[in-house]
């Protein structure tokens with residue numbers, strides 16, 4: 001699920017003893033905070049021991065070397081983007097912290113969206129994972145999120161956070177270790193189960209088992225836990241790693257308002273007396289730029305604007321609520337030609353015309369083209 005980062009070269013480690021399957025010896029030391037190395041100790045004031053930051057694997061020299069490489073990355077090449085990640089985190093950290101606390105999950109998981117998406121609800125990976133928590137479409141649907149032609153709830157910071165916390169809890173229950181759960185989160189639970197079944201069917205699940213079997217996972221998954229630990233260490237002490245103070249975004253605040261039918265975001269912004277950019281920020285799941293047709297939808301508006309929105313929206317004529325133009329297909333035109341003409345994507349055009357068949361466009365067929373008010377005259 002995570003997006004990959006180019007890792008800094010690390011010093012060649014001392015080769016460990018060969019791992020022979022299925023007889024694997026794992027460290028079953030009790031979970032306790034590591035107080036000997038400050039950056040590996042749980043944050044002060046936590047009511048519960050953070051099992052991720054207190055893992056016995058943090059004593060392993062190779063693991064510490066890998067974490068050190070990621071510290072160097074985030075404080076080095078990654079410093080170009082890291083302050084933006086920390087800034088965006090401010091908008092959602094209260095939501096994430098409360099969701100984790102409600103399930104009594106490790107508080108350090110608050111940094112997982114930092115490495116997954118840079119805390120961006122609109123992030124999309126090359127593998128088509130989407131949102132702050134980088135859900136694939138199938139996994140998102142399994143957790144009750146809508147991924148459709150008009151709405152993608154993977155981009156909803158609240159629904160996706162609730163689903164991610166539920167998913168992480170289930171993975172931990174299934175695999176019995178947070179390092180194994182994180183590997184399954186990144187590389188897929190079926191792959192994790194297969195690796196364990198093929199290489200350590202009799203071993204007791206533990207973080208040490210993940211580290212012993214790390215070379216069986218893809219490179220990205222091997223590095224996922226060290227990458228997360230490196231980001232945690234830098235984020236918790238950014239000043240000591242050379243970062244200027246970051247002013248976090250204010251908490252994500254809004255009110256709900258009801259929209260009876262399909263309406264473009266520019267019209268919603270007009271009714272809420274705000275900008276289209278602000279409406280997009282508050283409603284990132286509306287990635288097509290308009291609410292779904294054929295029924296009501298609950299949108300987010302800036303705080304204190306719900307009553308104003310209700311009054312002003314009612315004043316907007318129905319034929320102005322969906323900012324569209326109609327296009328009659330001409331001889332030789334394709335969806336790509338039409339999309340370029342109006343400055344929209346082919347996906348947007350298909351979403352607005354669900355019955356259209358791209359290979360069988362009929363001359364004279366009338367297409368609905370969703371555009372903003374600013375673009376409405378571009379195709380005429």
Checklist outcome for this item: region 151-216 and region 276-301 have their Cα centres apart by a whole-number Å value of 33 Å
Checklist entry - For region 199-290, what does the equivalent ellipsoid look like in terms of its semi-axes, each the square root of 5 times an eigenvalue of the Cα gyration tensor, given largest first in whole Å? => result 44, 23, 11
Checklist outcome for this item: Mean Cβ-within-10 Å packing, highest first, puts peptides 107-116, 343-352 in the order 107-116, 343-352
Item to check | By average C-beta atoms within 10 angstrom, highest first, the peptides 226-236, 147-157 | outcome: 226-236, 147-157
Checklist entry - So for region 54-161, Kirkwood radius off the Cα pairs, Stokes-Einstein at 25 °C and 0.890 mPa s: how many µm² s⁻¹? => result 160 µm²/s
Checklist outcome for this item: Where a ≥ b ≥ c are root eigenvalues of the Cα gyration tensor, a/c under 1.5 meaning rounded, otherwise prolate if a/b exceeds b/c and oblate otherwise, region 110-159 counts as prolate
Item to check | Cα principal axis extents for region 228-380, largest first, Å | outcome: 65, 40, 25
Item to check | Projected area, mean over directions - region 133-230, Cα convex hull, nm² | outcome: 6.6 nm²
Checklist outcome for this item: Expressed to one decimal in nm², the mean projection of the alpha carbon convex hull of region 255-320 is 3.8 nm²
Item to check | Whole-number D in µm² s⁻¹ for region 38-241, Kirkwood Cα-pair radius fed into Stokes-Einstein, 25 °C, 0.890 mPa s | outcome: 141 µm²/s
Item to check | Of every Cα-Cα pair in region 324-375, the percent that sits beyond 13 Å | outcome: 51 percent
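Each value in this text was obtained by applying a stated rule to the coordinates, not by laboratory testing. Note that this is a predicted model, so its numbers are computed, not measured. FYI the Cβ positions are ideal-geometry reconstructions off the backbone, even for glycines, and counts take in every protein chain you see.
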